[in-house]
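All remarks here apply to the structure that follows.
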Amino acid sequence: MSTKKGPAPPPAPKPRRWQRKLVLFVVLPLAGFLAFFKWVVAPLVVRQGIMVAVAARIRGRLEIRHASVGFREVELRGVTLFDATGRVAGTADAVVLRTDRFPVGFGTPGIESIRLVHPDIVMTLEPDGELDLQRVLAAPPSPQAPAVQGNPSANPAPPPPLSPLLPEKIAVENGTLRLVTPMVSPTFSGLDATLHVEPRRFTLENAAASTLGGRASLSGWLGRGPEEGWKLDVNVAEANVLDLVQGTRLEGYHLAGRLDGYLTLTRGSTGAAVGAGWLDARDGRLLDLPVILSVFNVLHANDPGESFVKTCRTDFRVLEDRIHVERWYVITDGFSLFGDGDILFDGQRLDLDFVPRLSSEPPEGYDTLADAEQPVADFIRKNALLSVEVKGTWMSPEAETTPLRVITKPLKDFFGLLRGKGSR
């Protein structure tokens with residue numbers, strides 16, 4: 001039996017000589033050149049270019065240990081910022097720059113955003129309201145600008161006292177932000193945020209963090225020079241009052257509860273920072289606060305230390321020389337306080353007025369203290385017919401009782417009529 005074999009398969013085509021030469025002399029060298037350019041040349045060019053450009057634009061210098069280049073991203077590692085005197089103004093394990101184009105060979109790229117990895121920065125608020133870091137980031141003075149001759153005999157007025165809500169220092173370390181103020185020093189941990197780069201400022205938008213046992217978000221911007229100003233927005237939810245007073249002069253007081261709040265501060269090119277905010281505490285022990293306790297003492301009420309507060313709400317505005325309390329009420333079971341007034345920055349002196357109310361509900365339509373005194377029938381039925389003025393300081397308040405305006409004003413009008421002042 002014979003078997004027939006099919007035709008033999010054709011031999012595999014050999015690569016053409018020109019293809020081998022193309023791979024050997026063009027493709028491989030080009031790939032090697034691109035790799036060498038990306039991993040060696042581009043990082044050196046970018047690293048040196050950034051340090052030179054920064055030194056020409058700020059009043060300090062930047063040191064970078066290493067740089068790596070992506071398509072639209074530059075990662076700088078081992079970054080240190082120095083001021084003009086050589087003092088370290090900040091460090092970061094890495095700084096990631098997002099650019100609008102490939103950073104090498106196509107002109108100077110624009111920077112869209114900056115992300116700091118494990119930064120270590122301390123910003124100090126100067127007496128004039130400027131942050132020292134802004135002075136480092138400011139453009140150097142022009143050598144052609146003539147020096148401004150001041151009057152040596154003139155004594156400049158001292159800067160006004162700073163708000164107790166303003167951060168004396170802003171410290172960032174390993175993803176943790178700490179705001180040091182004369183009253184409290186909250187810490188925001190787990191912070192992972194990106195700075196958006198704009199022509200005249202660095203902007204932070206809704207950076208999430210944990211603080212005081214609750215949640216927080218931070219927004220704001222920092223101008224590239226002192227004349228550009230700055231802004232800070234802080235929103236806090238479900239914070240612990242006990243954590244808030246840790247490390248402050250209120251630490252030894254019997255305080256507890258949950259706290260929500262919001263604060264916005266803005267400083268323009270000149271002047272002090274101004275803003276507004278509110279605090280809303282609930283279901284806790286807050287009556288041991290010196291200001292509130294002084295009101296209870298002057299009313300000869302029982303010690304409120306163990307009493308629970310249903311709601312404590314404060315709405316305020318931060319002015320150049322004071323905190324103006326537009327509305328402040330404390331509601332407990334069966335007893336409430338409603339107040340307004342001012343807390344002056346100079347010595348933290350108080351100028352507050354409170355109305356005690358023998359009810360756990362606010363008057364109808366209550367918006368300000370004047371509204372709390374109306375209508376007269378409701379007020380006489382549910383209130384103690386007196387108000388409490390609180391002077392002194394935040395930690396050493398001095399309270400005294402006075403008749404309510406709703407009673408004294410008709411009497412003043414009556415006696416004025418007798419004296420002939422109201423005859424017209």
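Throughout, read-outs are computed from the coordinates displayed, never taken from laboratory work. On a predicted model such as this, the values are computed, not experimentally measured, just so you know. Glycine also receives a Cβ, built like all others from the backbone with ideal geometry; neighbour counts cover every protein chain displayed.
Other residues whose C-beta falls under 14 angstrom from the C-beta of A207 contribute a net charge of 0, scoring Lys and Arg +1 and Asp and Glu -1.
Using C-alpha pairs under 8 Å with a sequence gap of at least 6, the mean separation divided by the residue count of region 176-225 gives a relative contact order of 29 percent. Taking the convex hull of the alpha carbon positions in region 226-281 and averaging its projected area over all directions gives 4.8 nm². Each Lys or Arg adds one and each Asp or Glu subtracts one; over the other residues with Cβ under 12 Å from the Cβ of E228, this totals +3.
Spin-label model, M51 to T80: label points 7 Å out along the Cα-to-beta-carbon direction sit 1.1 nm apart.
Contact order for region 206-359, expressed relative to its length and based on alpha carbon pairs under 8 Å spaced 6+ residues apart, stands at 14 percent.
With 10 angstrom as the radius, rank D340, D288 by how many other C-beta atoms surround their C-beta, starting from the fewest. It would help to have the intermediate numbers written out before the result.
Numbers: D340 22, D288 19.
Taking fewest neighbouring Cβ atoms as first place, the list is D288, D340.
Charge tally around S219: other residues with Cβ under 9 Å, Lys/Arg +1 each, Asp/Glu -1 each, net -1. Its Cα centre serving as origin, region 237-297 has a Cβ charge dipole (Lys and Arg +1, Asp and Glu -1) of approximately 200 debye.
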